[in-house]
Amino acid sequence: MADVRDTRNAQLIYTHPVNIWDFAVQPDGPYIAIIAKHIIDADVFLYDRTRPNEPARNLTQQQYGDVKKLDISKNGDIIFTNLVSNHAEKDLRNAQETGIFLIPHHELNKEKPSAKLLVPQKRTPSDLTWSPAADQIAYAVWPMEGFRIPGVGVYIFDIKTSRITQISRTGYDPAFSPDGKKFAFHTRDEIVITEPRARAPQHIVPLDMRAAGYLSWTPDGKHIVHGTFGLGPAITNIQDGSQRIIFDQFDRIVWIWLDWVHTEAYPVEPAGRMVIPWGSLKK
């Protein structure tokens, strides 16, 4: 964990026995949801920061294939995407189903939490995130290099109505602003700021340093943090497009995983603390 004003103070908060591939911090809460890779498939683990001496619990237990992305809401609901590999289909509880799953918060303390399929998808969504109010889920389906595949783009799923709205036919790493009124995603050379509805006007922020995943708004709603190719994570002002690298320790890293520990707003520059994977910090 590190303060974005001075990243030299980064400190280790948890070590997992196998590789961490992604994680999400519960807004203003104690949980960190983790994707950790086994020999073949990855599972969802839950770490409680109020119990630092206890290991993260395995929530999915190799029952949903290879878990690819996840997020956790303020009230503790976890969403994740999966990819079912052929080698394990006969053993999986939901082998015939891929898409976006929900583990409700009331399931978290059970020995074997149940996950509900919310959005069936033949192609596994590459990114997904909760809205601040946890009433919508944004996700992206990436294109495959050299192939023309229908259904790619950025989408929003409404929890109450189950309605799916396509926001864009291209884009990666969708992210809601802290107040939920704005919505961002990136292409290779620009960040797109819009509203979470179809055909909304767009504000384009050109990038000098190409974005490379893990888009995240700062708590003040004025900046966006994202990975870059070869330079580590950067912070971009959404009004004037100015950019700066915020973690000098991450030289030559394509991208890293970032999330905010708390969500208070800050007046000028973000002063919140972010969680980063320690393995990346040591590089």
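The table below lists the values:
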{"quantity": "Search result, residues across the range 21-78 that are among the polar types (S, T, N, Q) and crowded, with 16+ Cβ neighbours inside 10 Å", "calculated": "Gln26, Asn58, Thr60, Gln62, Gln63, Ser73"}
{"quantity": "In the range 206-236, the residues that are modelled with pLDDT of 80 or more, more than 20 Å from Gln136 (Cβ to Cβ) and crowded, with 21+ Cβ neighbours inside 10 Å", "calculated": "Thr218, His223, Val225, His226, Ala234, Thr236"}
{"quantity": "Qualifying residue in the range 60-67 (condition: at pLDDT below 95, closer than 20 Å to Glu111 by Cβ and part of a strand (DSSP E or B))", "calculated": "yes"}
{"quantity": "Subset tally (residues that are modelled with pLDDT of 90 or more, touching a strand residue (DSSP E or B) at 6+ places or on another chain (Cβ under 9 Å) and either surrounded by 17 or more Cβ atoms within 10 Å (Cβ to Cβ) or closer than 15 Å to Gly65 by Cα (or both)) for the range 131-143", "calculated": "7"}
{"quantity": "Residue count, the range 36-59 (criterion: within 22 Å of Gly99 (Cβ to Cβ), aliphatic (A, V, I, L, M) and modelled with pLDDT under 95)", "calculated": "3"}
{"quantity": "Which listed residue, of Leu83, Leu128, Leu102, is among the aliphatic types (A, V, I, L, M), within 16 Å of the chain's Cα centre (by Cα) and at pLDDT below 95", "calculated": "Leu128"}
{"quantity": "Pairs, first without any contact (Cβ under 8 Å) to a residue 12 or more places away in the chain in the range 118-136, second surrounded by 18 or more Cβ atoms within 10 Å (Cβ to Cβ), C-beta under 6 Å, six or more apart", "calculated": "none"}
{"quantity": "The one condition in (1) touching a Leu at 6+ places or on another chain (Cβ under 9 Å); (2) at pLDDT 95 or above; (3) hydroxyl-bearing (Ser, Thr, Tyr) that Thr161 fails to fulfil", "calculated": "(1)"}
{"quantity": "Total residues in the range 191-205, condition under 18 Å from Ala140 (Cα atoms) and crowded, with 17+ Cβ neighbours inside 10 Å", "calculated": "5"}
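The values are calculated or read from the model by the stated rules, or taken from the named source; none is laboratory data. What you see is a predicted model, and the numbers here were worked out from it, not measured in a lab. In this analysis, Cβ positions are derived from the backbone assuming ideal geometry, glycine residues included, and neighbour counts consider all displayed protein chains.
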